[in-house]
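Read through the structure below, which is laid out as structure tokens, and then see the notes.
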Amino acid sequence: MNTYAQQTTKTKEQSRQNRQSQKGPTRWMKLQKRQDSVMKLLFVGSASLVSIVIFSIILFVGVQGMRTFSGVSPIEFFFSTDWTPSADKYGAFPFLFSTFLLTMLAIVLSVPLAVAGAVFMAKIAPKWVREIMRPATDLFVGIPSVVYGLIGLTVIVPFIGKVVNGTGYGILPAGIILAIMILPTILSISEDAIRALPPRLEEASLALGATRWQTIWRVLLPAARPGILTGVVLGIGRAIGETMAVFMVIGNSPQMPKSLIDSTTVLTTAIVKDMGNTNYGSTWNNALYLMAFVLLITSLLLILIIRVVSRRSEVK
């Protein structure tokens, strides 16, 4: 009897211990699920808020910009060269053309230097040189654009003015400044793309008898092309949206440039220069909003291009 009672007592104690051991993990799991639910709601709410803000900006700028066409035809706005708001003339073609020309000049000046610097830092430079150059390159990204503009205004513009015997303002100094500003972005992304390549590509090329430069030119750069193109597209986006540095060196004359040293205006500087002189809701004000909408759509298209290029690189 005593033995049976002892076994019964022991069995009850084991059952009680098992229930307590199960109760602890269950309580912990409930707490974890509650925390996961809270964090999920927090992240979903943050993402929804950001999306609402972005679409609200696009909707507001787009609606305001489209009101321009109630007083100005689309053909006049996009293809006319006459920008005289006092005479109700709102031809923005000079701004569009100057923006495109300035961006292409900055890309032509910066891409060769950026890719060459990326190849040097990724495959040629010693480790100690790379450890110095990479932070120095990243430091250029954080310099305010007004500092670049001030350097261009006090150094580049007077130098070009002496060379060409003119004012020195125009697309050329603005393109030089923009090239310097976007060079670190393209260089950093290109270097990361080259460094991320599998070592077997370089090893196989060298094993087949290719020289170091043939390997870089014919193997590494083509393989890293998607990453390099991503850096170039990001550079284009920064060049298109830059305002203050360009405003200080381009001259800000609302006219078609006949050369790279003619004073002109791009979309961003036209908005900055004229927005304070307009009344909200006027045709002039709406035209400036339409310019901003064009810049916004251009930036979104550049982001889509980056997505497409990245997906193609992942598929390969």
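The values are calculated or read from the model by the stated rules, or taken from the named source; none is laboratory data. All values derive from a computational prediction rather than experimental measurement. Using ideal geometry, Cβ is built from the backbone for each residue, glycine included, and neighbour counts are taken over all protein chains shown. Ligands, DNA and RNA are excluded from the accessible area calculation, which covers all protein heavy atoms including side chains. Shrake-Rupley method; radii C 1.70, N 1.55, O 1.52, S 1.80 Å.
Taking the centroid of alpha carbons for each part, the range 172-251 and the range 72-125 are 19 Å apart.
In the chain, the portion of solvent-accessible area held by carbon and sulfur atoms comes to 66 percent [1.4 Å probe, whole percent, DNA, RNA and ligands not counted].
Packing, as the average of other Cβ atoms within 10 Å across residues, places the peptides 177-189, 54-66, 261-273 in the order 177-189, 261-273, 54-66, highest first. Counting only DSSP H runs of at least 4 residues, each contributing -39500 (n - 2.57), and dividing by the residue count of the chain, the helix-based mean residue ellipticity at 222 nm comes to -24500 deg cm²/dmol. Remark: the Cα gyration tensor places the chain in the oblate category, a/c being 1.5 or greater and a/b not exceeding b/c. Electrostatic tally near Phe247: other residues with Cβ closer than 14 Å to its Cβ, Lys and Arg +1, Asp and Glu -1, net -1.
Among complete DSSP H helices in the chain, those whose alpha-carbon atoms stretch at least 18 Å along the helix's long axis and whose mean Kyte-Doolittle hydropathy reaches 1.0 are 93-119, 171-195, 225-241, 283-315. Based on protein heavy atoms only, the chain ends up with 60 Å² per residue of surface accessible to a 1.4 Å probe.
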